[in-house]
1. For the range 1-59, give me the residue count where each residue is hydrophobic (A, V, I, L, M, F, W, C), closer than 30 Å to VAL77 by Cα and open to solvent by less than 60 Å² (accessible area, probe 1.4 Å).
2. Which of the residues spanning the range 42-58 are assigned to a helix (DSSP H, G or I) and either touching a helix residue (DSSP H, G or I) at 6+ places or on another chain (Cβ under 8 Å) or of a type outside the set (A, V, I, L, M) (or both)?
3. So, in the range 66-81, exactly how many residues are open to solvent by 70 Å² or more (accessible area, probe 1.4 Å) and either without any contact (Cβ under 8 Å) to a residue 40 or more places away in the chain or part of a loop (DSSP other than H, G, I, E, B) (or both)?
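The values are calculated or read from the model by the stated rules, or taken from the named source; none is laboratory data. Only a predicted model underlies this, so the values are computations on that prediction, with no experimental measurement involved. For neighbour counting, all protein chains shown are included, and Cβ atoms are generated from backbone atoms with ideal geometry for every residue, glycine included. We work out accessible area using only protein heavy atoms, side chains counted, and drop any ligands, DNA or RNA first. Shrake-Rupley method; radii C 1.70, N 1.55, O 1.52, S 1.80 Å.
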Amino acid sequence: MVAVARATWRQLVAFGILSPLSYILVLTAITIAPVALVALMRELSVVLVSLFGAFVLREGSPVARVAASAVVAGGIVLLAM
């Protein structure tokens, strides 16, 4: 575990900084825009990341990922109504 941490410390530091920053940006967006729009955009990111993993990174079970993305996208559409 220590060897992995030493080899990937830059990525770990970047993740440690960017992860809370993304949450701060969501909270800031909620103060600027309607909460419904911010929630929709936040959920849309889940779909995009899943599709990115399936098609660009060639992660396992792309059919399941696309199906799950379709379900989430359907939920987003329902929320938008």
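1. Taking the range 1-59 first, the residues hydrophobic (A, V, I, L, M, F, W, C) are 1-5, 7, 9, 12-15, 17-18, 21, 24-27, 29-30, 32-33, 35-41, 44, 46-49, 51-52, 54-57.
Narrowing the set further to residues that are closer than 30 Å to VAL77 by Cα leaves 18, 21, 24-27, 29-30, 32-33, 35-41, 44, 46-49, 51-52, 54-57.
Keeping just the survivors that are open to solvent by less than 60 Å² (accessible area, probe 1.4 Å) gives 26, 29, 33, 38-40, 47, 51, 54.
Qualifying residue count for the region: 9.
2. Taking the range 42-58 as the starting set, the residues that turn out to be assigned to a helix (DSSP H, G or I) are 42-55.
Within the range 42-58, ARG42, GLU43, LEU44, SER45, VAL46, VAL47, SER50, LEU51, PHE52, GLY53, ALA54, PHE55 meet the criteria.
3. Qualifying residue count for the region: 4.
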